[in-house]
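The values are calculated or read from the model by the stated rules, or taken from the named source; none is laboratory data. Because the structure is predicted, anything quoted here is derived from the model rather than measured. Heads up, the Cβs are rebuilt from the backbone with ideal geometry, glycines too, and the neighbour counts pull from every protein chain shown.
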Amino acid sequence: MAEENQKQKDAENNKPEIERIGEIPTMTSFIEGQIPQVKEMDEKEKHNKELFMIKVWLIALCVVFTCSMISGIYLVINPNNRAPQFVEEKSEKEQSINFFKSSSSKEGAVVVNIRGEISESSDNNAFSSKQNASSIARRIRELADKKEVKALLLDINSPGGTVAAVQDIYNALNYFRSQKKPVVALMRDVAASGGFYIAMAADKIVAQPGTMTGSIGVIMQTTNAQELLKKIGVDFNAVKSGQNKDIGAIYKELTQEQKLLLQEMIDETYQQFFEAVKNGRPNVNVNTLRVYADGRIFTGAKAQTLGLIDGLGGEEKAKEYLSELTGIKDIKILNQRSKFMEDFFLPFSNLAESSLALKQITKPRTPALAYMLNL
């Protein structure tokens with residue numbers, strides 16, 4: 001038995017070298033066995049790198065956004081730090097540009113812009129760019145109580161708005177003037193109806209020859225969709241305390257009595273408008289005013305001829321009146337709040353307003369009295 005084992009060992013030792021090598025794993029087979037593991041490690045490393053880069057970019061974006069927000073808030077709180085020094089006027093062109101730049105002067109005039117429809121907006125969205133009439137009126141009253149504010153320039157580009165909203169701003173301007181501080185109104189493209197109404201609170205009014213103004217009057221619009229609702233099978237039932245509780249509803253026609261009630265209200269608010277114009281333009285003949293206070297529109301040049309405005313021009317003429325009324329030569333415009341946040345959220349504002357417009361189209365609108373130019 002021992003001899004057989006010895007012979008078997010000797011036979012194995014005498015095998016060709018190449019056969020014995022075949023029994024040992026070669027380098028090629030070893031590498032081939034490791035390839036899947038190497039590939040898996042490469043993929044993991046690549047994935048980790050991608051995740052790392054994504055994290056870096058997210059952190060960078062967060063840092064930039066945070067810095068922008070902090071800078072915006074800082075500029076809103078401390079507008080003085082961003083205001084350029086007022087440059088002395090050297091020409092009419094420079095005068096126009098420099099006049100509306102914010103100045104670091106401690107005393108001077110302020111600008112209040114009236115843009116678009118004047119109303120109490122029902123849009124409470126944080127991104128809205130609309131100005132509520134009450135916010136404008138509140139700001140005017142606050143400015144009136146500031147010692148450094150010596151005058152106000154009312155920059156108007158508006159076709160008017162709802163009666164109460166217009167009167168709110170008009171009353172605030174009268175309060176400003178009651179503090180012995182003058183107001184100059186500057187009419188832009190349009191200063192009609194309610195836009196014209198608030199200008200009547202100014203000591204002086206400036207417009208371009210081609211400014212569209214006037215439209216002294218009141219309007220209330222109602223919609224009667226009774227026939228349309230019948231065609232589509234929609235019926236409304238109203239349980240009300242009186243026959244006029246649903247006056248102006250879209251599902252019924254106005255009765256003659258209701259028309260008389262609304263006309264009475266229109267006449268009353270029209271008379272308020274007329275009185276505001278008469279008080280604001282005391283040199284205009286009342287009979288002449290009656291003729292042109294029928295809702296018609298006219299140019300700035302015609303308004304000057306009628307005595308409804310004081311001068312033709314733009315910012316230069318407005319500055320001239322401000323200096324004349326305050327006795328301050330070369331009057332400065334005080335620093336205004338930064339528009340950074342408003343500009344930043346403008347795209348969101350447009351989306352929010354588009355959504356609001358859609359809601360207003362699909363929702364029945366309550367009739368409202370308006371000093372509004374309708375074209």
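Summary of computed values
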read-out	value
Residue that is surrounded by the most Cβ atoms within 10 Å (Cβ to Cβ) [pool: residues in segment 165-205 that are within 22 Å of residue 147 (Cα to Cα), touching a Lys or Arg at 6+ places or on another chain (Cβ under 9 Å) and hydrophobic (A, V, I, L, M, F, W, C)]	185
Test: residue 202 is in a loop (DSSP other than H, G, I, E, B), small (Gly, Ala, Ser) and at pLDDT 95 or above	yes
Residue check, residue 274 surrounded by 11 or more Cβ atoms within 10 Å (Cβ to Cβ), modelled with pLDDT under 90 and out of contact with any Gly (no Cβ under 7 Å at 6 or more places or on another chain)	no
Among (1) surrounded by fewer than 17 Cβ atoms within 10 Å (Cβ to Cβ); (2) in contact (Cβ under 8 Å) with a residue 60 or more places away in the chain, the one test that residue 217 misses	(1)
Filter result (in a helix (DSSP H, G or I) and either at positive phi or surrounded by fewer than 17 Cβ atoms within 10 Å (Cβ to Cβ) (or both)) within segment 307-319	316
Selection within segment 35-94 - among the β-branched types (Val, Ile, Thr) and modelled with pLDDT of 75 or more	54, 56, 59, 63, 64, 66, 70
Condition check for residue 310: under 21 Å from residue 110 (Cα atoms) and of a type outside the set (Gly, Ala, Ser)	yes
Members of segment 209-239 found to be closer than 30 Å to residue 304 by Cβ and assigned to a loop (DSSP other than H, G, I, E, B), listed by number	209, 210, 211, 215, 216, 217, 218
Selection from segment 135-188 of residues that are assigned to a helix (DSSP H, G or I), of a type in the set (Ser, Thr, Tyr) and either more than 13 Å from residue 201 (Cα to Cα) or without any contact (Cβ under 8 Å) to a residue 40 or more places away in the chain (or both)	135, 175, 178
Residue count, segment 101-119 (criterion: farther than 18 Å from residue 196 by Cα and at pLDDT 85 or above)	4
Identity of the residue in segment 240-271, hydrophobic (A, V, I, L, M, F, W, C), touching a residue at least 24 places away in the same chain (Cβ under 8 Å) and not in a loop (DSSP other than H, G, I, E, B), that ends up surrounded by the fewest Cβ atoms within 10 Å (Cβ to Cβ)	265
